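What follows is a single structure, written as structure tokens, with notes after it.
Each reported figure results from applying straightforward, stated rules to the coordinates on display, with no laboratory input. What you are looking at is a predicted structure, and each value in this text was computed from that prediction instead of being measured. Because the Cβ atoms are built from the backbone with ideal geometry, glycine has one as well, and the counts that use them run over all protein chains shown.
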Amino acid sequence: MGLFDPEVFVFEDKDVLRDDYRPDSLDERQKEIQQCASALRPVVQNNQPDNLFLYGLTGVGKTAATHVLIEELLSSAEEYDAPLEVVELNCTGLSSSYQVAVSLVNEMRSPNHQLTTINLNKGRLPETGYPQKRVFEELRDDLETAGETVLIILDEIDNIGTDDDLLYELPRARSNYDFSTRLGVIGISNDFKFRDNLSSKVKDTLAEKEVHFKPYDATQLTRILEKRAKQAFSDEVLDQGVVQLCAALAAQDSGSARQALRLLREAGDFAEKEAAESGAHPQLKERHVREAETEIQRQQVVEGMESLTIHGKLVLLAITDLATEGETSPRTKTILGRYQQLAHTQDTDPLGRRGLHNHLSDLKLQGILAKYDVADGHGKYNEYELDVTIRSAIDALETEFADLDELREKARASGVA
Ligand code: ADP
Ligand code: MG
């Protein structure tokens, strides 16, 4: 069989599992979409919309829901003769009000986001060099030229951090500057801290209406995946239980549809690779999901490790080493002992307890470790546990510390592999 013969294809339409695929409807988010719609309804009557703030962890459908909502609003606005223009911006990599303002201007001048309807066909602003006041003026002018009602969508707005003047200025432009355009701002954030830390003046204006997107549970994720899987996979490829397993794993971890979809897609890759190699009919089984899970976590650990110093890596090695001996949730004291031992074998001077703490926190932030507060008769202490499979951790550590087969052996012997 040839490398590209359709007989081995697992996917019918792999794009359906891609992150940027936009489903037409989101049954699991009807409540949230309704809440958002009530803020935007005035648009259809040529009135000023409320500003909206959507927040929730990554992968829970905020961007997808916004797309469904705005598409429908645009078609209603057209039907009821209410002129509406939209400018959409993803703020990834934009860490100040200045940068966001420049990017908004440029998005209106040469659009490259899906929902943006404005195209002013003007020269782009340079990314640096103008005073902030000038940039804000250009922004106001462009917004006025753009239309009678303009919705600004600022996705992943948490990137702006504390430099949030723009979020104060924009929603107030109309009252403060004799500004004729009716403006609505939709801010979307993955970060709860950003929401909690918004200055009260921004909170009052930007977050006139707030909508919280909760993590999905396993039942919701199953429904979401079932619909996508039906389109994505060839008939009879998918074993029973595969979708449920992806949903259950993602629900346990993050409640993210993005994570669940990624598991399913990568599991499909494993199944396809196997079919291509063996020449057998492709079948996507639960064990492919397990393989995908390990691979995704391995990548997560490898990526996380890139930002670690040798000490951080040794701390991870110490915890993994302990786990292979069946000690899966050691206390700080135990970790310190093993880490110091390993540091000596690597000819590295080990850090003390405080240094260890910093690295443990880093590893926790990376999602590689979980931390538990434990109390017993002697007092309170912390326990740490790998938040990825032992296999993923060993595989990833091997990119730093040559051959770790010995750890695999130990894990097998103690039955934790
Ligand atoms: P967020 O913006 O909250 O990080 P997204 O809206 O980008 O999350 O959703 C992540 C992925 O999950 C996207 O591919 C999206 O299409 C999908 N998704 C999220 N919620 C649903 C849902 N209710 N139905 C179908 N797909 C969904
Ligand atoms: Mg998003």
**OP:** List every residue pair whose Cβ atoms sit under 7 Å apart, with the two residues 6 or more apart in sequence or on different chains, where the first one lies in region 14-39 and is within 22 Å of V237 (Cβ to Cβ) and the second, anywhere, is part of a loop (DSSP other than H, G, I, E, B).
**Re:** D15/Y21
Subject >> Complete set of residues in region 44-58 that are more than 10 Å from ligand 2 (Cβ to nearest atom) and surrounded by 22 or more Cβ atoms within 10 Å (Cβ to Cβ) >> reply: P49, N51, L52, F53, Y55
**OP:** Scan T92, T149 and give me the residue that is touching a residue at least 24 places away in the same chain (Cβ under 8 Å), within 24 Å of R182 (Cβ to Cβ) and either within 16 Å of ligand 2 (Cβ to nearest atom) or not basic (K, R) (or both).
**Re:** T149
**OP:** Filter region 191-248 down to residues that are of a type in the set (S, T, N, Q) and not in a loop (DSSP other than H, G, I, E, B) and give me whichever is farthest from Q48 (Cα to Cα).
**Re:** Q244
**OP:** Only residues in region 275-292 that are touching a residue at least 40 places away in the same chain (Cβ under 8 Å) count as the first member; pair them with residues that are among the acidic types (D, E) and surrounded by 19 or more Cβ atoms within 10 Å (Cβ to Cβ), Cβ under 7 angstrom, at least 6 apart or cross-chain, and list the lot.
**Re:** P282/E272
Original post:
Is it true that E277 is surrounded by fewer than 18 Cβ atoms within 10 Å (Cβ to Cβ) and touching a Leu at 6+ places or on another chain (Cβ under 6 Å)?
Top reply: no
Subject >> In region 22-51, residue farthest from ligand 1 (Cβ to nearest atom) [restricted to those that are closer than 27 Å to R258 by Cα and in a loop (DSSP other than H, G, I, E, B)] >> reply: N51
**OP:** Tell me which residues, restricted to region 402-417, are touching a residue at least 12 places away in the same chain (Cβ under 8 Å), surrounded by 15 or more Cβ atoms within 10 Å (Cβ to Cβ) and part of a loop (DSSP other than H, G, I, E, B).
**Re:** V416, A417
Original post:
Can you name the residue in region 72-86 that is farther than 16 Å from I118 by Cβ and in a helix (DSSP H, G or I) and is also farthest from ligand 2 (Cβ to nearest atom) among such residues?
Top reply: E79
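Residue-by-condition table, conditions (1) within 27 Å of the chain's Cα centre (by Cα); (2) under 30 Å from L57 (Cα atoms):
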{"position": "S329", "(1), (2)": "no, yes"}
{"position": "T332", "(1), (2)": "no, yes"}
{"position": "Q346", "(1), (2)": "no, no"}
{"position": "R354", "(1), (2)": "no, no"}
{"position": "I390", "(1), (2)": "yes, yes"}
{"position": "D395", "(1), (2)": "yes, yes"}
Subject >> Flag for D155 being more than 23 Å from E127 (Cα to Cα) and not β-branched (V, I, T) >> reply: no
Original post:
Using beta carbons and a limit of 6 Å, which pairs, at least six apart or on different chains, have the first residue in region 56-80 and in contact (Cβ under 8 Å) with a residue 12 or more places away in the chain and the second one of a type in the set (V, I, T) and near ligand 2 (Cβ under 10 Å from one of its atoms)?
Top reply: K62/I188
Original post:
Counting residues that are under 24 Å from the mean Cα position of the chain (by Cα) and over 24 Å from D50 (Cα atoms), which helices (runs of 4 or more DSSP H) fully inside region 87-182 reach at least 1?
Top reply: 97-109
**OP:** Kindly indicate whether G61 is under 22 Å from the mean Cα position of the chain (by Cα) and surrounded by 21 or more Cβ atoms within 10 Å (Cβ to Cβ).
**Re:** yes
